[in-house]
1. Identify, from the list VAL62, VAL56, the residue that is open to solvent by less than 50 Å² (accessible area, probe 1.4 Å) and more than 29 Å from ARG155 (Cβ to Cβ).
2. Out of the stretch 129-142, which residues are in contact (Cβ under 8 Å) with a residue 24 or more places away in the chain and either open to solvent by less than 20 Å² (accessible area, probe 1.4 Å) or in a loop (DSSP other than H, G, I, E, B) (or both)?
3. Filter the stretch 109-127 down to the residues that are surrounded by fewer than 17 Cβ atoms within 10 Å (Cβ to Cβ), at pLDDT below 95 and either among the basic types (Lys, Arg) or on the phi < 0 side of the Ramachandran plot (or both) and list them by number.
4. What is the residue count in the stretch 74-93 for residues that are outside any strand (DSSP E or B) and either modelled with pLDDT of 95 or more or open to solvent by 20 Å² or more (accessible area, probe 1.4 Å) (or both)?
5. Just give me the residues in the stretch 61-73 being closer than 18 Å to VAL143 by Cβ, touching a residue at least 12 places away in the same chain (Cβ under 8 Å) and either part of a loop (DSSP other than H, G, I, E, B) or not hydroxyl-bearing (Ser, Thr, Tyr) (or both), in sequence order.
6. Within the stretch 77-93, count every residue that is farther than 13 Å from ASP147 by Cβ and touching a residue at least 60 places away in the same chain (Cβ under 8 Å).
7. Kindly list the number of the only condition in (1) in a loop (DSSP other than H, G, I, E, B); (2) among the hydrophobic types (A, V, I, L, M, F, W, C); (3) in contact (Cβ under 8 Å) with a residue 40 or more places away in the chain that fails for VAL96.
8. State which residue is modelled with the lowest pLDDT when the search covers only the stretch 32-48 and only residues that are open to solvent by 70 Å² or more (accessible area, probe 1.4 Å) and within 11 Å of VAL151 (Cβ to Cβ).
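The values are calculated or read from the model by the stated rules, or taken from the named source; none is laboratory data. None of these values were measured; they are calculated from a predicted model. Glycine gets a Cβ as well: all are built from the backbone with ideal geometry, and neighbour counts include every protein chain shown. Just so you know, the surface numbers come from the protein's heavy atoms only, side chains and all, with ligands and any DNA or RNA stripped out. Shrake-Rupley method; radii C 1.70, N 1.55, O 1.52, S 1.80 Å.
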Amino acid sequence: MLENAGGDGMRWWTGVWLIAGVMALAACGGTAGDGTDENHASSTAACATGHVQVTVSPGDPVTRRLCVRPGTVVSLVLQPRTDDARWTGVHSSAPVFVLPEGWRRDTDGTAHTNLRCAGVRAGAAVVTASAKAPDVAGAPHIVFTLDVIVVPYGREG
C-alpha cells in the first residue's frame, strides 16, 4: 500500500520537471562558433531585465512564457476571476530559479506576488497560480501557468 502512495502526484511532478528541463535546454543552449545563430540571438535579446509586471486578466491565455535575465523581479498581478473562484496562491517548480514571495489578495479579488529570479544562475521554473470558489469543499486547482526561463547574459572574450 505504501509503495503506491503519491503515484499520481509523482507522475505529475516528473512531467513538470521534464518540461522545465527541456525549456532550460532550449533557452540556454548556447551556440558554438561565432554566435551568428539569429534565432537564438533574437530570442534572448528580448528577455526582460530589472523589473517587469505581468498582469493576468479574465479571458487571457491560461499559459504564458516569459524570458528574463538573472536578478529580474517579476510583479505578477492576477485580476479578479469571473467564475467566482478566488486566487489562493502561487507555487514555483524550482524556487532556486524563481522564488515567489509577498503574496497578498486585495478586497476586490486582485492577487499580487513578486517572483524573484536567480541572481547568477540560468534555468527554468513553472510558476502555477491556483484558485477555488470559497464556499466549495476541496483543494484549489491550477488555473494559470507562467513558464519562466532565466537566461544569462552572453560572455565576451
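1. Details: VAL62 fails: open to solvent by less than 50 Å² (accessible area, probe 1.4 Å).
Step by step, each of VAL62, VAL56 is checked, and only VAL56 is open to solvent by less than 50 Å² (accessible area, probe 1.4 Å) and more than 29 Å from ARG155 (Cβ to Cβ).
2. First, the residues of the stretch 129-142 that are in contact (Cβ under 8 Å) with a residue 24 or more places away in the chain: 129-134, 140.
Those that are in contact (Cβ under 8 Å) with a residue 24 or more places away in the chain and either open to solvent by less than 20 Å² (accessible area, probe 1.4 Å) or in a loop (DSSP other than H, G, I, E, B) (or both): ALA129, ALA131, ALA133, PRO134, PRO140.
3. Within the stretch 109-127, GLY119, VAL120, ARG121 meet the criteria.
4. Of the residues in the stretch 74-93, the ones outside any strand (DSSP E or B) are 79-85, 93.
Applying the additional criterion that residues be either modelled with pLDDT of 95 or more or open to solvent by 20 Å² or more (accessible area, probe 1.4 Å) (or both) yields 79-84, 93.
Residues meeting the conditions: 7.
5. Filtering the stretch 61-73 for residues closer than 18 Å to VAL143 by Cβ gives 61-66.
Right, trim to touching a residue at least 12 places away in the same chain (Cβ under 8 Å) and you get 62-66.
Those that are closer than 18 Å to VAL143 by Cβ, touching a residue at least 12 places away in the same chain (Cβ under 8 Å) and either part of a loop (DSSP other than H, G, I, E, B) or not hydroxyl-bearing (Ser, Thr, Tyr) (or both): VAL62, ARG64, ARG65, LEU66.
6. Taking the stretch 77-93 and keeping what is farther than 13 Å from ASP147 by Cβ, we get 77-91.
With the extra rule that they be touching a residue at least 60 places away in the same chain (Cβ under 8 Å), the set shrinks to 78, 81.
Result for the stretch 77-93: 2.
7. (3)
8. Restricting to residues being open to solvent by 70 Å² or more (accessible area, probe 1.4 Å) and within 11 Å of VAL151 (Cβ to Cβ), the top hit is ALA45.
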